[in-house]
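Have a look at the structure below, then the notes.
The values are calculated or read from the model by the stated rules, or taken from the named source; none is laboratory data. Quantities reported herein were computed from a predicted structural model and do not represent experimental measurements. Neighbour counts are summed over all protein chains in view; Cβ atoms, including those assigned to glycine, are modelled from backbone coordinates with ideal geometry. Ligands, DNA and RNA are stripped out before the accessible areas are found, and what is left, the full protein with its side chains, is counted by its heavy atoms. Shrake-Rupley method; radii C 1.70, N 1.55, O 1.52, S 1.80 Å.
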Amino acid sequence: MKTIHVNTGSPYDIYIERDILDCCGKIIKEVSSAQKVTVITDSNVAPLYKWRVLNALAEEGLTATAHVFQAGEQSKNLNTVAEMYNTLAEFKMTRKDIIIALGGGVTGDMAGFAAATYLRGIDFIQIPTSLLAQVDSSVGGKTGVDIVQGKNLVGAFYQPKAVLIDPNTLNTLPDKFICDGMAEVIKYGCIKDCAFFDELAKGTALDNIEDVIERCVTIKRDVVSRDEKESGERMLLNFGHTLGHAIEKIYNFTGITHGMAVAIGMVLITKAGERRGITQNGTADKISEVCRKYGLPTTDNASFEEIASSAQTDKKTVGTDINLVLLDKIGSSFTKKVRLDNLLDFITA
Ligand code: GLY
């Protein structure tokens, strides 16, 4: 088993092992004195893994129930969280008990938020089942929900007690969502690790997925341990995301996955960096090539004007400036504050 220790304010371990799902009861006993467990999962993941997790909990003598919500980003709202609170209260979960977030990013974010707020905070563990959640969203304690004004506008930084990554769950993940996660994998190489990027460039990442997950999670661990609340270095993890999010918004968050939009965003911002002489020439082409190897798009029909305007009207943008993440070269990144009203000029100049 690979174990990665995360040294945030509330420290925890990330475990990576095939079939670790079947050991979740044992690990809960090691990290918590909980008697009861509520497994929060969605309607796609429940038929695949709910019973395995419930059985593993029963084997350790834990009393458990499952709360299943309708899969999809459209469920990521406060009504769904309120339904989770109902289950937690009816099951008489106390402050000593624990929640399991079993699923992708939407499940982890929402179950984590329910854990952060129910009884002013109870323990939770993450069992991410998508590549994106395994390499990114399950680590670092970002929890939250969407509101009508925008995505992830309500939430909390709240660290899990443990993260259990079972690479075998990727066997049931549709290819489209493997690509989705690969954009975040490529991001880590771009911002922090040229050697890792070169490995990814061989196009064989999926053959060594455990090592790839371990590398990503270690990079993220290092970043969030130094900057848990995103006041500096953690912003680097948003490479490709400002323009990516703007593109997702243009498509109303349908028809394009988060990873597809991030891939396009990484290429666009790096081209802008090259044009301004702050990124080594040829870097955007290298990123495009790797993205294409993993089935990701690198261009979009939306114009620079549409993309900049979508970013400028993003409710998540507070104030007059935006922190763009740029590369000097592959493996080396930095943030640059740009006035929002100069964004179009920055990406086109
Ligand atoms: N997904 C970026 C972060 O956790 O900060």
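Annotation: I98 fulfils all but one of (1) crowded, with 24+ Cβ neighbours inside 10 Å; (2) within 16 Å of the chain's Cα centre (by Cα); the unmet one is (2). Selection of region 214-238 for residues being out of contact with any Asp or Glu (no Cβ under 6 Å at 6 or more places or on another chain), of a type in the set (D, E) and either in a helix (DSSP H, G or I) or within 17 Å of L296 (Cα to Cα) (or both) yields E214, D222. Would it be correct to say that D180 is acidic (D, E), away from the ligand (no atom under 12 Å from the Cβ) and either surrounded by 23 or more Cβ atoms within 10 Å (Cβ to Cβ) or not in a helix (DSSP H, G or I) (or both)? Here the answer is yes, as D180 does meet what is asked. For A82, the stated conditions do not hold, so it cannot be described as assigned to a strand (DSSP E or B), out of contact with any Gly (no Cβ under 6 Å at 6 or more places or on another chain), open to solvent by less than 50 Å² (accessible area, probe 1.4 Å) and modelled with pLDDT of 95 or more. May I ask you to verify whether G240 is modelled with pLDDT of 95 or more and more than 15 Å from the chain's Cα centre (by Cα)? Criteria not met by G240.
For N152, the conditions (1) more than 11 Å from the ligand (Cβ to nearest atom); (2) closer than 25 Å to K337 by Cβ; (3) at pLDDT below 95; (4) not acidic (D, E) all hold with the exception of (1). Among the residues of region 1-47, those identified as aliphatic (A, V, I, L, M) and more than 21 Å from the chain's Cα centre (by Cα) are M1, I27, I28, V31, A34, V37.
Hey, any hits in region 216-238 for a residue that's β-branched (V, I, T), more than 16 Å from the ligand (Cβ to nearest atom), surrounded by fewer than 21 Cβ atoms within 10 Å (Cβ to Cβ) and in contact (Cβ under 8 Å) with a residue 24 or more places away in the chain? No, region 216-238 contains no residue that is β-branched (V, I, T), more than 16 Å from the ligand (Cβ to nearest atom), surrounded by fewer than 21 Cβ atoms within 10 Å (Cβ to Cβ) and in contact (Cβ under 8 Å) with a residue 24 or more places away in the chain. Here's a check for you: in region 108-149, which residue that is part of a strand (DSSP E or B) and of a type in the set (S, T, N, Q) is farthest from the ligand (Cβ to nearest atom)? Step by step, filter region 108-149, then rank; the result is Q126. Being of a type in the set (D, E, K, R) and farther than 25 Å from K96 by Cβ is the filter; apply it to region 124-149 and report the residue that is modelled with the lowest pLDDT. Per the stated criteria, the residue is D146. Considered as a group, the residues in region 239-268 that are in contact with an Asp or Glu (Cβ under 8 Å, 6 or more places away or on another chain) and open to solvent by 10 Å² or more (accessible area, probe 1.4 Å) include one that is farthest from the ligand (Cβ to nearest atom), and that residue is I250.
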